[in-house]
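The values are calculated or read from the model by the stated rules, or taken from the named source; none is laboratory data. In this text, all values refer to a predicted model and were calculated from it rather than measured experimentally. Here Cβ is always computed from backbone atoms with ideal geometry, including for glycine, and neighbour counts include all displayed protein chains. Accessible surface is based on the protein model in full, side chains and every heavy atom, while ligands, DNA and RNA are left aside. Shrake-Rupley method; radii C 1.70, N 1.55, O 1.52, S 1.80 Å.
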Amino acid sequence: MLRRLMAAVAGVALCGALAACGSGGSASGDDDAITMGFSQVGAESGWRTANTKSIREAAKAAGIELKFSDAQQKQENQIKAIRSFIQQRVDVIAFSPVVETGWDNVLLEAKRANIPVILTDRAIDSDDESLYETFLGSDFVEEGRKAGEWLVEDSKGEGTVNVVELQGTTGSAPALDRQEGFQEAISGSDIKIIASQTGDFTRSGGKQVMEAFLKSHSDIDVVYAHNDDMGLGAIEAIEAAGKKPGEDIKIITVDAVKDGMQALADGKINFIVECNPLLGDQLMDLVQKVVAGEQVPKRVVVEETTFTQEEAKKVLPERQY
Ligand code: AHR
């Protein structure tokens, strides 16, 4: 620790003397341990809890010193955290961006400080790909597509199918992409999205929005929720309205966390598209390579599957999260 402090002080003095401090390599001086600043979205869902656990455990196992910051779903908190990591001269910054846009300035600051950035879970919308080394995460458009394709197949011959959509956080990559993929899959079919609103990826948000949908629409056939938590909130609202989730109103969600899988096995959800939160080990591998100056692919896509009610019953006992 002392060695690290002395190295940092020496580094600052050297930067001052050189006037322009843009290069200079590892912030940890001659200490071998990599220091990673990680800015997490928040703790909004079961998925996020599992993702945080995976990152903490993998950092520990890899001997990476983790500086963890919870943004509580606010972009301004993430920007502050990233600036603080830059000031602390961490070796690498990883973060899961709350929303897609508005990152160029702060990432340019990291680039000028010569600190590599890794995106994990969610992408950013920027023309400048040099602002980050790599992006590790799911293909959210594909997830939405899988949800839509299942519904097209399941509702064949049924005539018009009315869907209400519980969207994730407004402006976030998973909300935008899962909507896009779903729309693409159902286009040309008799499936119609009659209402769409954000539930911010939370159970309480999903419940509230579903209560409002049930009051304003008497003809809902299907709920498409961008994550399990909102789907679970919708189940509560549907039951409170005296209807049977999974039967009177079908439910499709994304994630496949334990609570979601339990509801699927119980017949209250009809189909789940998996989104894998266990990104820790892959992230640490990328961190080590990036800090060592090795080439890494610009995009690393996580492999995922889907679950029907029967499949959920089989895999539930071994489900890790
Ligand atoms: O970015 C991944 C999404 O964020 C998960 O699907 C959702 O549950 C979480 O909050």
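Using a 1.4 angstrom probe, figure out how much accessible area region 28-179 has per residue, in square angstrom, rounded to the nearest whole.
Details: 5940 Å² over 152 residues.
Result: 39 Å² of accessible area for each residue.
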Would you please give the FRET efficiency between SER204 and THR170, computed as 1/(1 + (r/R0)^6) with r the Cβ-Cβ distance and R0 = 22 Å, to the nearest 0.05?
-> 0.85
Cβ-based charge dipole, region 140-275, positive-most Cα from ALA195, LEU151, ALA256 | ALA195
Quick one: angle between helix 2-18 and the longest Cα principal axis of the chain, in degrees between 0 and 90, rounded to 10, please.
-> 70 degrees
Expressed as a percent, the accessible surface of region 148-192 that is carbon or sulfur, using a 1.4 Å probe and the full set of protein chains, is 43 percent
Order of exposure, largest accessible area first, which applies to LYS258, LYS207 with probe 1.4 Å | LYS258, LYS207
Eligible lysines near LYS215 by straight Cα distance, threshold 26 Å, same-chain separation 8 or greater | LYS192, LYS207, LYS243, LYS244, LYS250, LYS268
Acute angle (nearest 10 degrees) that the helix 75-87 long axis makes with the longest principal axis of the chain, alpha-carbon atoms = 20 degrees
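Just subtract the alpha-carbon distance of SER126 and GLU158 from 0.36 nm times their residue separation and send over the number in nm, one decimal. Write out the running numbers ahead of the final one.
Values: separation 32, 0.36 × 32 = 11.52 nm, distance 4.21 nm.
In short, 7.3 nm is gained.
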Hey, rough spin-label estimate for ARG299 and ASP259, points 7 angstrom out along Cα→Cβ, what's it come to in nanometres?
-> 3.2 nm
How far, in nm, would the chain grow between GLU247 and LEU278 when pulled straight, counting 0.36 nm per residue and subtracting the alpha carbon separation?
-> 8.0 nm
Could you check the simple spin-label distance between ASP266 and LYS74, using points 7 Å along Cα→Cβ, in nm with one decimal?
-> 3.5 nm
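To the nearest 0.05, what FRET efficiency results for ARG112 and ILE193 with a Förster distance of 51 Å applied to their C-beta separation? Don't skip to the end; give the middle numbers.
Working: r = 44 Å, r/R0 = 0.86.
Efficiency at R0 = 51 Å is approximately 0.70.
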Could I have the simple spin-label model distance between ALA43 and GLU65, label points 7 Å from Cα toward Cβ, reported in nm to one decimal?
-> 2.5 nm
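Quick one: if you take sqrt(5λ) for each eigenvalue of the C-alpha gyration tensor of region 176-308, what semi-axes come out, biggest first, whole angstrom? Before the final figure, lay out the partial values.
Numbers: eigenvalues 223, 53, 36 Å².
Its equivalent ellipsoid spans semi-axes of 33, 16, 13 Å.
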What's the angle, to the nearest 10 degrees (0 to 90), between helix 203-216's Cα axis and the longest principal axis of the chain?
-> 30 degrees
Set the Förster distance to 41 Å, then compute FRET efficiency between ASP285 and LYS215 from the Cβ-Cβ distance, nearest 0.05.
-> 0.25
Of GLU236, GLU274, GLU310, which has the largest mean-square fluctuation in a 10 Å C-alpha GNM of the chain?
-> GLU310
Bin by bin, in steps of 10 Å, what percent of the Cα pairs in the chain do you find, going until the bin that has the longest distance?
-> 6, 26, 30, 19, 12, 5, 2, 0
Region 116-157 and region 202-248 have their Cα centres apart by a whole-number Å value of 25 Å
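Suppose only helical runs count, i.e. DSSP H with n ≥ 4. What mean residue ellipticity at 222 nm does that imply for the chain under -39500 (n - 2.57) per run, divided by all residues and rounded to the nearest 500 deg cm²/dmol?
Details: 11 runs with 139 residues, N = 321.
Computed mean residue ellipticity for the chain: -13500 deg cm²/dmol.
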